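As structure tokens, the structure follows; a few thoughts come after it.
The values are calculated or read from the model by the stated rules, or taken from the named source; none is laboratory data. In this text, all values refer to a predicted model and were calculated from it rather than measured experimentally. Positions of Cβ are generated from backbone atoms using ideal geometry, with glycine treated the same way; all protein chains shown enter the neighbour counts.
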Amino acid sequence: METTWMARGSCANSNPEVFFPHDGIGVEIAKQICIGCTVTAPCLEYALTNRVEHGVWGGCSERQRRRILKERRAAVHAGRQKDDLVAVAA
């Protein structure tokens, strides 16, 4: 996966520890750095694709990323069920 976007992130000149907080306040501080960042989309996708479990990536907390992955799995599953129904009806 291409990662040249990492050098362009708002976080590039920040202490990496900020993005691996131990509490909710720390998560909000990290998310504030992500606001207005031009590479949040590839950053988030990197974390989702690589199943990064810790830290704030693409402006999303660990909990938010788990929710996104769950929603994506549900959407894929629903799409398969729909395709199965169409195939049976045909």
For segment 47-82, which residues satisfy the criterion of being under 20 Å from Ile29 (Cα atoms) and not in a helix (DSSP H, G or I)?
-> Val52, Glu53, His54, Gly55, Val56, Trp57, Gly58, Gly59, Cys60, Ser61
Within segment 44-55, identify whether any single residue is charged (D, E, K, R) and farther than 16 Å from Arg66 by Cβ, and answer yes or no.
-> no
Count of residues meeting criterion [assigned to a loop (DSSP other than H, G, I, E, B) and without any contact (Cβ under 8 Å) to a residue 24 or more places away in the chain] in segment 3-14 = 1
Of all residues in segment 15-35 being outside any helix (DSSP H, G or I) and at pLDDT 95 or above, the one that is surrounded by the most Cβ atoms within 10 Å (Cβ to Cβ) = Pro21
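So, Ala47, is that one surrounded by 17 or more Cβ atoms within 10 Å (Cβ to Cβ), in contact with a Pro (Cβ under 8 Å, 6 or more places away or on another chain) and modelled with pLDDT of 95 or more or not?
Working: surrounded by 17 or more Cβ atoms within 10 Å (Cβ to Cβ): yes; in contact with a Pro (Cβ under 8 Å, 6 or more places away or on another chain): no; modelled with pLDDT of 95 or more: yes.
No.
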